[in-house]
Amino acid sequence: MPDTTLPIPPERCYTWEQWQAGRAERRRLGNLVAPAIMRRKESSSDARLKATFNGERGPEFNKPFDR
């Protein structure tokens with residue numbers, strides 16, 4: 001079987017902290033053009049969503065790398 005991995009140049013490798021900082025900056029820039037939380041008030045799937053996400057309509061926002 002042929003090798004399916006692509007070589008990654010060293011300058012394209014990031015640490016977890018660098019990725020988090022980049023993610024925070026992308027989030028900040030995105031918030032300049034759109035609201036931070038875009039979620040419908042209600043939908044036909046509310047019962048299923050609330051059962052899945054402990055009474056909420058989706059996963060909680062503001063993961064550690066989004067702060």
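The values are calculated or read from the model by the stated rules, or taken from the named source; none is laboratory data. Because the structure is a prediction, the values reported are computed rather than measured. Quick reminder, even Gly has a Cβ in these numbers, built from the backbone with ideal geometry, and neighbours come from all protein chains shown.
For the range 6-21, a residue qualifies if it is outside any helix (DSSP H, G or I) and either surrounded by fewer than 10 Cβ atoms within 10 Å (Cβ to Cβ) or within 15 Å of the chain's Cα centre (by Cα) (or both), and the qualifying residues are 6, 7, 8, 9, 13, 15.
The listed residues are 62, 54, 31, and the only one of them that is modelled with pLDDT of 75 or more and on the phi > 0 side of the Ramachandran plot turns out to be 54. Of all residues in the range 22-59 being among the hydrophobic types (A, V, I, L, M, F, W, C) and in a helix (DSSP H, G or I), which is farthest from residue 12 (Cα to Cα)? Filtering first and then ranking leaves 47.
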